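Data block below; observations after.
The values are calculated or read from the model by the stated rules, or taken from the named source; none is laboratory data. Quick caveat, the model's predicted, so the values are computed rather than measured. When we count neighbours, we look across all protein chains shown, and the Cβ atoms used for this are built from the backbone with ideal geometry, even at glycine. Just so you know, the surface numbers come from the protein's heavy atoms only, side chains and all, with ligands and any DNA or RNA stripped out. Shrake-Rupley method; radii C 1.70, N 1.55, O 1.52, S 1.80 Å.
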Amino acid sequence: MPYALITGASRGIGRAIVDELARRQYDLLLVARSETELRTICQNVSVQHGIKTDYLVLDLSVNGAPQRVLDWCKHKNYAVSMLVNNAGYGLSGNFESQTLEDNSNMVQLNVVALMQLCQLFLPQLKQQPKAYIMNIVSTAAYQAVPGLGLYAATKSLVLGLSRALSYELRGSAVSVTAVSPGATDTAFVDRAQIGEKGRKAAAKVNMQPQEVAKIAVEATLAGKTEVVVGWLNKLTVLGVWLLPKWLIEKLAAGIYE
Ligand code: NJP
């Protein structure tokens, strides 16, 4: 049975996607940096669901890391039929307030690693009778977000790439699904160092990672090209489309600056 490979599987949305796929009897390959968490998750889900699991401890923001994931799969003879690009994070504050290194690392993880994993795994995904790429994007992809600007821009790139790839791969065995959650109750706000105002705003509308994962997996298995998770997030994206950009950016700046 081919495997589903999930990046950022040690906690948050990725961890919840692990459960959704395990319930569906997918064998699983997990990638993240936290070894203890990955080992425990693998043991628990394989006992609970009778599936095969393995994990790779890896910092995906390091140059060449996606190639190491592919090499590991080849070495272990793991055929992958679902690639879940979930690992990612944000950095709040003005663009200039971040170090060059921090901004570059975020782009490396959110964009470069995701792009390389798609490209490196496509040949073997295409060999499967049916295969899936799920890219975790964000409602931030639909607008410029002052105070979270580079993060939002990384997600816009992933959204555009995912849609184009989905089109290019029509008629092949591989479907590509861009999943955009909004505020979700994970460690995201801590890693992004979002301020009090942003945290309060998120807490009011937070979805649980389990709800997000269920919608994400259902949309992916249904072969959908794009899904915005939850009615409130759908409404937000519609508002972004309808309202003038200056107003949307002013509102966002009020939350994140
Ligand atoms: O965040 P968190 P989420 N190399 O921090 C892993 C998007 N999103 O679940 O390495 C490899 O709980 C990290 O594992 P570890 C967001 O942009 C979220 O919310 O062990 N892995 C952990 O498993 C992201 O794309 C919200 O620390 C690395 C996972 O990534 C996705 O949802 C809103 C890594 C992060 O788990 C999942 O984020 C939205 C590295 N260098 C979009 N760095 C939201 N939560 O509000 C991190 O619009 N990971």
For the range 3-256, with every protein chain kept in place, what is the accessible area per residue (1.4 Å probe, Å²)?
48 Å²
Using alpha-carbon coordinates, inclination of helix 231-242 to the longest axis of the chain, degrees
50 degrees
List the trypsin sites (Lys or Arg not before Pro) in the range 54-141 that DSSP assigns to loop (not H, G, I, E or B) and whose Cβ has at most 15 other Cβ atoms within 10 Å. Which are they?
LYS76, LYS130
Normalized C-alpha radius of gyration of the range 3-256, against 2.2 N^0.38 Å?
0.97
What is the percent carbon and sulfur in the accessible area of the range 3-256, measuring with a 1.4 Å probe over the protein chains and ignoring ligands?
54 percent
Taking the Cα centre as origin and putting +1 on Lys and Arg beta-carbons and -1 on Asp and Glu beta-carbons, what dipole magnitude results for the range 1-77, to the nearest 20 debye?
80 debye
How far is it, in nm, from the label point at ASN77 to the one at VAL57 when both lie 7 Å from their Cα along the line to the Cβ?
2.6 nm
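Please state the relative contact order of the chain as a whole percent: Cα pairs under 8 Å, 6+ residues apart?
It comes to 20 percent, rounded to a whole number.
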Over the chain, the sum of -39500 (n - 2.57) across DSSP H runs of at least four, divided by residue number and rounded to 500 deg cm²/dmol, gives at 222 nm -16000 deg cm²/dmol
Which length gain, in nm to one decimal place, applies between PHE95 and LYS200 when the Cα-Cα distance is subtracted from 0.36 nm times their residue separation?
35.6 nm
Counting only protein chains, not ligands or nucleic acids, how are LEU157, LEU58 ordered by accessible area (probe 1.4 Å), most first?
LEU157, LEU58
